[in-house]
1. Return the inverse of the average 1/r over all pairs of distinct C-alpha atoms in the chain, which is the Kirkwood hydrodynamic radius, in Å to one decimal.
2. Which whole-number value in Å³ per residue fits the convex hull of the alpha carbons of region 118-191?
3. Along the charge dipole of the chain, Cβ charges K/R +1 and D/E -1, which of 435, 696, 572 sits furthest on the positive end?
4. Would you mind checking 665/719; 158/246; 335/636; 658/720; 158/193; 72/568 for any pair whose Cα atoms are more than 18 angstrom apart?
5. Tell me the accessible surface of residue 370 in square angstrom (1.4 angstrom probe, heavy atoms of protein chains only), to the nearest ten.
6. Using +1 on the beta carbon of Lys and Arg, -1 on that of Asp and Glu, and nothing else charged, what's the dipole of region 440-536 about the Cα centre, debye to 20?
7. Cross-link candidates for residue 112: which lysines have Cα within less than 18 Å, leaving aside residues fewer than 8 places away along the same chain?
8. Order of 373-385, 474-486 by packing, highest average Cβ count within 10 Å first?
Amino acid sequence: MKALYLIFFVFIASFAQAQFTYELNQEIEVEVDGKRLALPWAGGLNSVQVNTMDLNSDSKEDLVLFDRTANKLITFINQNNQFVFAPEYEALFPEEVTQWILLRDFNCDGKKDIFTSDPFGIVVFVNTTKPGATLSWRYFNPGFPLLTKGFTSNINLKVNESDIPAIDDVDGDGDLDILNVRFVGVGSIEWHKNLSKERTGTCDSLQLERVTQNFGNFEECNCGVFAFGKTCAQLSGGRTQHTGGKTLLAIDLDHDGDKEILFSEEVCARVYLLENIGNNDEALMTTAVQYPFSNPIAFVNFPATYLEDVDLDGLKDLIASPNLYARDFLNIDFKNSMWFYKNMGTNQVPQFVLQKRNFLQDEMIDVGDYAVPAMTDADGDGDLDLFISNYRDPNLSSAITFFENTGTTTLPKFKFITSDYLNFSISNYYNLKLQFADIRGDGIQDLVFTATSARNNFTELLFAPNKSVSSLDFSGQSVQTTNFFIEQSESVLVVDVNQDGITDLLVGKSDGAVEYWRNQGPAGQFNYTLEDGSYNGLGPSIERQSPSLAADDLDADGRADLILANQKGFLSIYGDFRAQNTNVQPVGNLIYNPQIETYEAKNLGGRSWPIIVNLFNTDKPSIMVGNTLGGIHILKNEEGKDLPEEPVIDLFPNPVEKQGEFKIKSDRNAIVQFYTVLGQKISESYFIPANQKYSITISGLPSGIYIARFLADGKTVGKKFIVQ
């Protein structure tokens, strides 16, 4: 029982299949330190590979990024000499792109082709785009990886999956060659010479032959340790270490016609310049120095470098970013993981000067990694403010970033307030996943979260009690436990599954199952028992390891729906999840793509965390999604209709009989409290989700007139009802 007089329970209607259609929305303004962000909802960046090409046939070079931690392409269009987030172009690339991508025009037709990782080496896609048409591709060698002539016959050109080779015209003859660190054995570089020019006089093919396994006459032995003119085994006291990934960038820094090498490896923080004092037919390296000379690249581990014009001034710049698959070290700074060195020289003799360590990231919402959003009215002004938790800051603790909503209920506008709300970073927790929920059953939204303790590495469900009905007030409060423990990768949604007035738990398990833990109460107590280990038929599955969940009415039919996000960044929606119909097929093609003119399932940034929130004051709410990359995407419902200025709230039947019941429904989220006609409060305040019907049982009230007072979108609405 929630209050002395009123008991809330669900009115369950029959299930109806819903249509869920969304668009990636970028119209909401975000202000940080007085500056309006240009790319606030682009979704963040962690481990970025950088390429340029013409995406939309306007003869301008656009930007194509690939983030290895999310296994995701991210595309930007060059508009008015600025990059604009254009996610609709991502679907135009082959699904086979994985691990790494280099865009290079190997056949000299003016269109860049794709080189990417393959389990057996390298796979190549030829750019077949017609002038003015949508991007299109074909396999260079269907069914086979890229081949090279070995010592006796053609073999796969093998590249470790965490390596990035150099694909460039090494010998200056006009066709593209490939340099890669040897797949096994010693740490030397192979040169696969392209003989297309020599054999046909054109550069329209890839006729590769391995001409040497010791390009530059050196071996890399360990981080910053190279053996020039000898082997690593010949170094005095040296210990050869060849495990881990390697990245190469070929670049002519001194305009002498041959290629230097920028070399990095997985266990190293620095990039090393190997100057070529030989020529373009016989490379010779004798020294290794950290590069650039001023402000050298220094990540925690595994930097990679790229040579592209990213400031659109016609000169190729140097960009560095970690080449990481995941957070390998605790103190990695994913907020500042894209270092931009502007070319202050020429393309022939470049001079790279560090400009910023957060290129593009400074124009996005990017809290590092594992961005988990939550929204509530923090200041009691009637609109929803934004909170985002992260996995870890470089100080080794999680923090909460807070944006105040300074806009309207129809179109919000977010202003950055702090990156450490409530000074949470000193709490010694990491792996923070935030939400707001009435976990105590008193009608007040508390700050609820799962987190891992740095003291014992236990992950549990915790909360900070909120003292205010209409805003956030944690003064004098301390974090409290529910004694509910999970694995680090798992997620918990606090939701009243059986609508008995007490919040239960849905848990996304590491094996892909969704568990329903019923709270046996009473309200304010946390007596969770496992009710269903495969809720709605969602048992173990490698396709949705550690899924995250959100629940609310998405289609304005009065029944709550369930969103499930998997570890690959894709969302699925299960309509009317409380009906527990295991035959319901989830909807996955949710997002409209104008380039392909259809709805698609989309990687929203690797592992993702959705919430359902009415950002635009429509009858169908939006979905906000945080992701592995530390950023946020907004999915606006295409079919949502604007709500009227005044809240529409119905109570029926009215009058209601003693010991009878009436239903209540609001067209938007609201808080309700009940009074006598003289203003005497007879219940606590309760949160009413939009469009969901509730049945109210009248118990203990004498005959008379009463008032239900609702607070919705900052407006107060009173509704009289009669008990007879």
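The values are calculated or read from the model by the stated rules, or taken from the named source; none is laboratory data. Values in this document were obtained by computation on a predicted structure and should not be read as measured data. Ideal geometry is used to build each Cβ from the backbone, glycine not excepted, and the neighbour counts take in all protein chains shown. Calculation scope for accessible area: heavy atoms of the full protein, side chains included, ligands and nucleic acids excluded. Shrake-Rupley method; radii C 1.70, N 1.55, O 1.52, S 1.80 Å.
1. 28.0
2. Convex hull volume per residue, Cα atoms: 133 Å³.
3. Farthest towards the positive pole: 696.
4. Cα-Cα > 18 Å for 335/636; rest within.
5. The accessible area of residue 370 comes to roughly 60 Å².
6. Dipole of region 440-536, to the nearest 20 debye: 320 debye.
7. Filter leaves 60, 130, 316.
8. 373-385, 474-486
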